[in-house]
1. Taking the 0 to 90 degree range and rounding to the nearest ten, how far is the long axis of helix 8-29 tilted relative to the main principal axis of the chain, both from C-alpha atoms?
2. Please order SER12, SER32, SER38 by the number of other Cβ within 10 Å, starting at the fewest.
3. Under 25 Å between C-alpha atoms is the cut-off here; go through the chain and count lysine pairs that meet it, provided they're at least eight residues apart or on different chains.
4. Which percent of Cα-Cα pairs in the chain sits in each 5 Å bin, short to long?
5. With viscosity set to 1.306 mPa s and temperature to 10 °C, compute the Stokes-Einstein D of the stretch 21-68, Rh being the Kirkwood radius across alpha carbon pairs; µm²/s, no decimals.
6. What is the order of ARG160, ARG77, ARG47, fewest Cβ neighbours within 10 Å to most?
7. What is the extension gain from SER66 to ILE118, computed as 0.36 nm multiplied by their sequence separation minus the C-alpha to C-alpha distance, in nm to one decimal?
8. Run the quick spin-label model on VAL139 and SER53: label points 7 Å from Cα toward the beta carbon, then report their separation in nm to one decimal.
Amino acid sequence: MPSDGIPYPIFSYTALLPWTFFAAALSFAIPSVVANASLVTKIYLPREIFPFSAILAAFFDFCIASVIFVFLMLFYRVPLSWNVLYLLPILVVQIFLTLGVGLFASALNVYYRDVKYILPLGLQLWMYASPVIYPISVVPEKIRVIYMLNPMSPIIDSYRKVLLLGTTPDFACLGFAAVVSLVVFVLGYKYFKKVEMSFADVI
């Protein structure tokens, strides 16, 4: 696979790290409400704590895996620039997207248990539609605007830009991803809160 002149192991790992966090967080969060049925039916507590805690667990795994990335940076002698400070806002955008999708899908899974079975295929297709194993440069210009509507595309591309290239992210694309992530989070949270009172009856 092309890698824009960057050693492929670190090129791919820079994208696999946030993608694995995203995929693992959803894999943990979506069945979390059903998995805690005994608590949901016996006591009242904010039900969103289940997907939140599942995503937090995935975030800890992400932090541990980041240690390997640090060693890769040292091994390939990739210098860091001040643009690495953009990592925090990029991560915040990704977390809001993850929370939004996780809240919506975990609530939907209470009513439609097939959601957790569709998840692996959905995530695999989403990964291929994101620049995880290939650079954005291989995407034809004529469809790149449509391609960047996928919020994970500018997020992953931004990780590569600030970490490997030492440049600033594409603010227009990342800004669009931030807006989409915020909208997804608000809608996902509203849907979750709207249906959570019926969880105990359905679960």
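1. Once rounded, the angle reads 10 degrees.
2. Numbers: SER12 17, SER32 22, SER38 9.
Ranking SER12, SER32, SER38 by Cβ neighbours within 10 Å, fewest first, gives SER38, SER12, SER32.
3. Details: LYS42/LYS116; LYS42/LYS190; LYS42/LYS193; LYS42/LYS194; LYS116/LYS190; LYS116/LYS193; LYS116/LYS194; LYS142/LYS161.
So the count works out to 8.
4. Percent of Cα pairs in each bin: 1, 7, 15, 19, 18, 14, 10, 7, 5, 3, 1, 0.
5. Working: Rh = 11.3 Å.
Estimated via Stokes-Einstein, D reaches 140 µm²/s.
6. Details: ARG160 21, ARG77 6, ARG47 24.
Taking fewest neighbouring Cβ atoms as first place, the list is ARG77, ARG160, ARG47.
7. Working: separation 52, 0.36 × 52 = 18.72 nm, distance 2.85 nm.
My answer for the length gained is 15.9 nm.
8. The answer from the label model is 3.7 nm.
Values quoted throughout were computed directly from the atomic coordinates according to the rules given, and no laboratory measurement underlies them. This structure is a prediction, so every number in the text was calculated from the model and none was measured. As a convention, Cβ positions derive from the backbone with ideal geometry for all residues, glycine included, and neighbour counts pool all protein chains shown.
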